[in-house]
Amino acid sequence: FVTADEAAALIALSEPLYHRSSTARATGDDKRTSFSATLPSSNSDVAAVRRRIARYSGYPEANLEPLQTVRYRGGEFYRPHHDFYNACETWYRGNRHFTFLIYLSDVAAGGDTNFPRLNITVPPTPLAALVFDNCLRNGEPDERTLHEGIEPSGGAVKYAINGWMRSRPISSL
């Protein structure tokens with residue numbers, strides 16, 4: 001989904017921007033211990049990835065949240081969670097329809113993405129994207145998309161990009 005040169009550039013761009021990851025309801029809680037960096041859309045590599053996500057999803061780029069790089073070191077994880085918001089939070093803002101998890105680095109051990117309700121575990125494949133629809137055809141949240149970021153092991157570091165495509169333009173949020 002990305003080239004090796006893009007991945008290297010995006011990792012380097014992210015490095016000075018990292019901060020403790022948060023969830024929609026908390027900053028730095030025990031459910032998510034990774035580090036995140038919001039990427040500037042003005043960067044040419046970021047802009048190229050944004051256009052690619054929009055093309056692939058069939059949604060306009062205006063619906064795409066700012067891209068976020070995540071870094072997981074040994075012992076860092078994101079416990080089971082959904083990427084969608086509940087109906088009370090999104091009825092007028094649009095929900096996160098698609099998640100694009102773009103793996104930027106090789107992870108020697110661990111670092112999988114696990115979907116416990118589907119009994120599926122996806123190992124991180126460098127330069128590839130894991131894409132899933134967070135909503136059912138009727139627009140309701142799909143509870144089966146519960147997933148977690150497993151910690152890397154053996155000294156490995158996992159770098160990835162989160163791209164969340166909403167059902168409505170971000171500018172209307």
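The values are calculated or read from the model by the stated rules, or taken from the named source; none is laboratory data. A quick note: this is a predicted structure, and the numbers were derived from the prediction, not measured. Note: ideal-geometry Cβ built from the backbone for every residue, glycine included; neighbour counts use all protein chains shown. Side chains are part of the model used for accessible areas, which takes the heavy atoms of the whole protein and leaves out ligands, DNA and RNA. Shrake-Rupley method; radii C 1.70, N 1.55, O 1.52, S 1.80 Å.
A few remarks follow.
- Residue count for segment 120-151, restricted to those that are farther than 22 Å from Thr38 by Cβ, assigned to a strand (DSSP E or B) and not acidic (Asp, Glu): 5.
- Listed conditions (1) modelled with pLDDT of 95 or more; (2) over 22 Å from Ala62 (Cα atoms); (3) out of contact with any helix residue (DSSP H, G or I) (no Cβ under 6 Å at 6 or more places or on another chain); (4) among the hydrophobic types (A, V, I, L, M, F, W, C) are all met by Ile150, apart from (1).
- Selection of first residues in segment 52-70 that are closer than 19 Å to Ser171 by Cα and of second residues that are part of a strand (DSSP E or B) and open to solvent by 60 Å² or more (accessible area, probe 1.4 Å), restricted to Cβ pairs under 8 Å at least 6 apart or on distinct chains, gives the following pairs, ordered by first then second residue: Pro66/Thr38; Leu67/Thr38; Gln68/Thr38.
- Answer from Ser34, Ser22 - the residue that is at pLDDT below 95 and open to solvent by less than 30 Å² (accessible area, probe 1.4 Å): Ser34
- Residue check for Thr99: β-branched (Val, Ile, Thr), touching a Lys or Arg at 6+ places or on another chain (Cβ under 7 Å) and either open to solvent by less than 60 Å² (accessible area, probe 1.4 Å) or at pLDDT below 95 (or both): no
- Restricting the first member to segment 131-159 and to residues that are over 21 Å from Leu104 (Cα atoms), and the second to residues that are among the aliphatic types (A, V, I, L, M), the beta-carbon pairs closer than 6 Å and six or more apart or on different chains are Asp142/Leu136; Arg144/Leu118.
- Residue count for segment 102-114, restricted to those that are under 15 Å from Tyr78 (Cβ atoms) and either open to solvent by 20 Å² or more (accessible area, probe 1.4 Å) or outside any strand (DSSP E or B) (or both): 5
- The lone exception for Leu136 - which of (1) open to solvent by less than 30 Å² (accessible area, probe 1.4 Å); (2) on the phi < 0 side of the Ramachandran plot; (3) not charged (D, E, K, R) it fails: (1)
- Exactly one residue out of Arg117, Arg51 is modelled with pLDDT of 90 or more, basic (Lys, Arg) and part of a loop (DSSP other than H, G, I, E, B), and it is Arg117.
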